[in-house]
Every structure is written in structure tokens, then in C-alpha cells.
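Beneath this line is the structure, given in C-alpha cells, with notes to follow.
The values are calculated or read from the model by the stated rules, or taken from the named source; none is laboratory data. Being a predicted model, the structure only gives us computed values, none of them experimental. In this analysis, Cβ positions are derived from the backbone assuming ideal geometry, glycine residues included, and neighbour counts consider all displayed protein chains. Heavy atoms of the whole protein, side chains included, go into the accessibility calculation; ligands, DNA and RNA do not. Shrake-Rupley method; radii C 1.70, N 1.55, O 1.52, S 1.80 Å.
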Amino acid sequence: STESADLTTFVKKLEQKQSSFKHTTDFLEFVFNKTHQKFLKNFSEYASFPEMLDKGNYNCLTGTALYALLLDHFDVPYKIIETNYHIFLLAQTEKGSVLFETTDPANGFVTNNEEIKDRIARYRQNSIQSAGSSKTYYRYNFDLYKVVNLDEVVGLLYYNLSIVAFNAKDLNLSIDHLGK
């Protein structure tokens, strides 16, 4: 498909640039910015992974999944962390932790340890507002904060597709996505 061809071309371009960076952190900042320019253009709550690659519509889950795939490719260790209402990525470099906040293109690449701690504390408060939204998400009565792997992220992507299908009253498709 054209989306995977675009992604392959994009990764090859990143590979060509990698050696020009002295530190992994600098390369990761380049990856963060270029990925936003190319694939993460419009925040959309229920965007699918193909829709992100094709049209630039993304959410915290699809953006985080894309960054996880890129970091896997470049052998950069990372953790994906899921909270009640959000998901983000923490990469490890020779200079320490880097937080990838996919819904914040301007300031979402965070290397300062205090800022990382502050952001994680905010994510754990269960009161984040989605980008461009005035509504605050429901406060759950449990505190979800766990590391998830890429397989579990794929499961969450299918879960979101299931919700979209359910909301469109396509129960068969919704069930099919849940099964996956």
C-alpha cells in the first residue's frame, strides 16, 4: 500500500540522517519533529493507524504506536505507559529519559527530568483535556499506570476501531475488531 511505502521511504531518510547526530537524544528529537511533520498533522480522537499514515489524522495511541515502531527500528529502548485516559512513551538514551508526548507537537519532546516528573504527575491526575477540547474526561475510581508492550498497543488500536464501528452501529465489524 502507499501508506507503508511512504513509511518505508520515511524510515530510509531517517537512517541516512542518523549518523550526522552525535547523541541519540538529538537524533530522537529530529525523529520526533519529522514524524510530526510527516504523519501527525491533525489530532482526531478516533483516528486509526492507516488513517494516520494516509491522512495525518492521529491520537495519542496511534502516534505512540508509530514512535514505538520507529524506536524499535533504531534499537532505542523505551517503555509505553498507559494511564486511565492517556498513553505516552519514555525512551532511554545515554543522557537519560526522554518523554514523547504525541499530542503536543511544539513541546512534546521532553528531556528535562523535572519536567518529565511534572508531566507524569499530571497524566496520573486523570483530568487531562484532549487537545482542542473543553471537556474533561471522566475520573475513574482506580489509578491505571502501567507499562504496556507493542502487542498490547495493537490490542488498544483494535479496541478503538471496535468503538468507532459500534458508534456507527456496525455490530459485526465491532465484534470482529474486539476478537482481534
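Determine whether GLN16 is within 18 Å of VAL110 (Cα to Cα) and loosely packed, with under 14 Cβ neighbours inside 10 Å. I'd like the intermediate steps shown before the answer.
Values: within 18 Å of VAL110 (Cα to Cα): no; loosely packed, with under 14 Cβ neighbours inside 10 Å: yes.
Taking the combined requirement at face value, the residue does not satisfy it.
Considering every residue within segment 51-66, establish whether at least one is among the polar types (S, T, N, Q), touching a strand residue (DSSP E or B) at 6+ places or on another chain (Cβ under 6 Å) and either under 22 Å from LYS146 (Cβ atoms) or assigned to a helix (DSSP H, G or I) (or both).
There is at least one residue in segment 51-66 that is among the polar types (S, T, N, Q), touching a strand residue (DSSP E or B) at 6+ places or on another chain (Cβ under 6 Å) and either under 22 Å from LYS146 (Cβ atoms) or assigned to a helix (DSSP H, G or I) (or both).
Any residue in segment 3-23 that's in a loop (DSSP other than H, G, I, E, B): show its pairings with residues that are of a type in the set (D, E, K, R) and modelled with pLDDT under 95 at Cβ separation under 7 Å, as long as the two are six or more apart or on different chains.
HIS23/GLU94; HIS23/LYS95
Identify all residues within segment 112-121 that are under 17 Å from the mean Cα position of the chain (by Cα) and either at pLDDT 90 or above or open to solvent by 50 Å² or more (accessible area, probe 1.4 Å) (or both); write none if there are none.
ILE116, ARG119
Looking for something of a type in the set (Phe, Trp, Tyr) and within 26 Å of GLN16 (Cα to Cα) - is there at least one such residue anywhere in segment 70-82?
Yes, there is a match, as at least one residue in segment 70-82 is of a type in the set (Phe, Trp, Tyr) and within 26 Å of GLN16 (Cα to Cα).
Within segment 85-100, track down each residue that is open to solvent by 20 Å² or more (accessible area, probe 1.4 Å) and either in a strand (DSSP E or B) or over 20 Å from GLU114 (Cα atoms) (or both). Walk me through how you get there before you give the answer.
Looking only at segment 85-100, we keep the residues that are open to solvent by 20 Å² or more (accessible area, probe 1.4 Å), and these are 85, 90, 92-97.
Within segment 85-100, TYR85, LEU90, GLN92, THR93, GLY96, SER97 qualify.
Answer yes if at least one residue in segment 27-46 is touching a Gly at 6+ places or on another chain (Cβ under 9 Å), in a strand (DSSP E or B) and in contact (Cβ under 8 Å) with a residue 24 or more places away in the chain, and no otherwise.
Yes, because at least one residue in segment 27-46 is touching a Gly at 6+ places or on another chain (Cβ under 9 Å), in a strand (DSSP E or B) and in contact (Cβ under 8 Å) with a residue 24 or more places away in the chain.
For segment 24-34, which residues satisfy the criterion of being under 13 Å from SER97 (Cα atoms) and out of contact with any Ser or Thr (no Cβ under 6 Å at 6 or more places or on another chain)?
Step one: list which residues in segment 24-34 are under 13 Å from SER97 (Cα atoms), which gives 24-26, 28-29.
Scanning segment 24-34 gives ASP26, LEU28, GLU29.
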